[in-house]
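Here's the structure we're looking at; comments come further down.
The values are calculated or read from the model by the stated rules, or taken from the named source; none is laboratory data. None of the values given here were measured: they were computed from a predicted structure. Reconstructed Cβ throughout: ideal geometry from the backbone, glycine too, with neighbour counts over all protein chains shown. Protein only, heavy atoms only, side chains kept; ligands, DNA and RNA dropped before computing areas. Shrake-Rupley method; radii C 1.70, N 1.55, O 1.52, S 1.80 Å.
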Amino acid sequence: TKVFFFLNWNLFLAWIPLFLSTFILTFNIKSKLSIAVIIVVWILFFPNSPYILTDLFHLKARNTIPIWYDLIVILSYAWTGLICGFLSLNDIEKLLSGYSKERVINGVVVLFLFMSSFGVYLGRFLRWNSWDILNNPFGLFNDIVVRLIYPLEYTKTWGVTLLMGIMLNFMYFTFKMIRNNNEKLVQTKNTN
């Protein structure tokens, strides 16, 4: 049915950060200006990857389809979106490793994940989209600045951002640990 057709669009948007990070690494882009521009665009689209998790809001009982089926559909899209996002973040991390120490890069990654959580909040609850930076920059800027200036009046904003940021950091660093362990295992097998 067309009930979850929007998931296709959300998944397409989740792939954009991976396309951008892969583009940088594949074509071995060296220009700092080009890299900076691509990373800024990457940051604008990166929240689309974890955003699909919030599509669980659409989960409700329907007469014709069991709820567990809809849950599996939404989670399969959300999982794919997260993996796209985490792979792209891992690519960006590799790219940045040539410019700074691991500790600093880990701090930047944590910051990116919390920024992404804020972006998810803007998308889910305020209905902003990545392209609104061009379409309605003043409205978007206003919603962001008001929340920064008066944080105590927007506790939901910061609650969602904080909790989702913690969850995304936990998930990403678990993903990274598993990936690093697998790479070490492969290297060990290749040397034997």
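Could you tell me whether I74 is open to solvent by 30 Å² or more (accessible area, probe 1.4 Å), out of contact with any His (no Cβ under 6 Å at 6 or more places or on another chain), within 25 Å of L7 (Cβ to Cβ) and assigned to a helix (DSSP H, G or I)?
Working: open to solvent by 30 Å² or more (accessible area, probe 1.4 Å): no; out of contact with any His (no Cβ under 6 Å at 6 or more places or on another chain): yes; within 25 Å of L7 (Cβ to Cβ): yes; assigned to a helix (DSSP H, G or I): yes.
So I74 does not fit the description; no.
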- [ ] Kindly indicate which of F45, F23, F86 is under 13 Å from the mean Cα position of the chain (by Cα), more than 20 Å from R127 (Cβ to Cβ) and not small (G, A, S).
- [x] F86
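Can you tell which of V104, V146, V109 is among the hydrophobic types (A, V, I, L, M, F, W, C) and within 18 Å of the chain's Cα centre (by Cα)?
Within the list V104, V146, V109, the selection yields V109.
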Task: Tally of residues being in a loop (DSSP other than H, G, I, E, B), open to solvent by less than 80 Å² (accessible area, probe 1.4 Å) and within 30 Å of N63 (Cα to Cα) across region 1-38 - done: 2
Task: Cβ pairs under 6 Å, 6+ apart, first in region 114-131 and among the aliphatic types (A, V, I, L, M), second open to solvent by less than 10 Å² (accessible area, probe 1.4 Å) - done: V120/P50
TODO: Could you tell me which of the residues N136, N181 is surrounded by fewer than 18 Cβ atoms within 10 Å (Cβ to Cβ), over 21 Å from the mean Cα position of the chain (by Cα) and closer than 21 Å to W9 by Cβ?
DONE: N136
- [ ] Sort out which residues of region 101-131 are open to solvent by less than 30 Å² (accessible area, probe 1.4 Å), assigned to a helix (DSSP H, G or I) and either polar (S, T, N, Q) or at pLDDT below 95 (or both), and write them in order of number.
- [x] S116, S117
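Among the residues that make up region 8-16, is at least one of them farther than 23 Å from N129 by Cα and either in contact with a His (Cβ under 9 Å, 6 or more places away or on another chain) or not small (G, A, S) (or both)?
Initially, region 8-16 is screened for residues farther than 23 Å from N129 by Cα, giving none.
No, region 8-16 contains no residue that is farther than 23 Å from N129 by Cα and either in contact with a His (Cβ under 9 Å, 6 or more places away or on another chain) or not small (G, A, S) (or both).
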- [ ] Would you check if G98 is without any contact (Cβ under 8 Å) to a residue 40 or more places away in the chain and outside any helix (DSSP H, G or I)?
- [x] yes
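I need the full set of residues from region 150-177 which are of a type in the set (A, V, I, L, M) and either open to solvent by less than 90 Å² (accessible area, probe 1.4 Å) or closer than 19 Å to R124 by Cβ (or both), in order please.
Here is the first cut: in region 150-177, the ones of a type in the set (A, V, I, L, M) are 152, 160, 162-164, 166-168, 171, 177.
Of everything in region 150-177, those that are of a type in the set (A, V, I, L, M) and either open to solvent by less than 90 Å² (accessible area, probe 1.4 Å) or closer than 19 Å to R124 by Cβ (or both) turn out to be V160, L162, L163, M164, I166, M167, L168, M171.
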TODO: Inspect region 47-66 for any residue being open to solvent by 70 Å² or more (accessible area, probe 1.4 Å), over 28 Å from N180 (Cα atoms) and modelled with pLDDT of 95 or more and give the result as yes or no.
DONE: no
Task: The one condition in (1) crowded, with 18+ Cβ neighbours inside 10 Å; (2) farther than 30 Å from K2 by Cα; (3) free of Cβ contacts under 8 Å to residues at least 40 places away in the same chain that I92 fails to fulfil - done: (3)
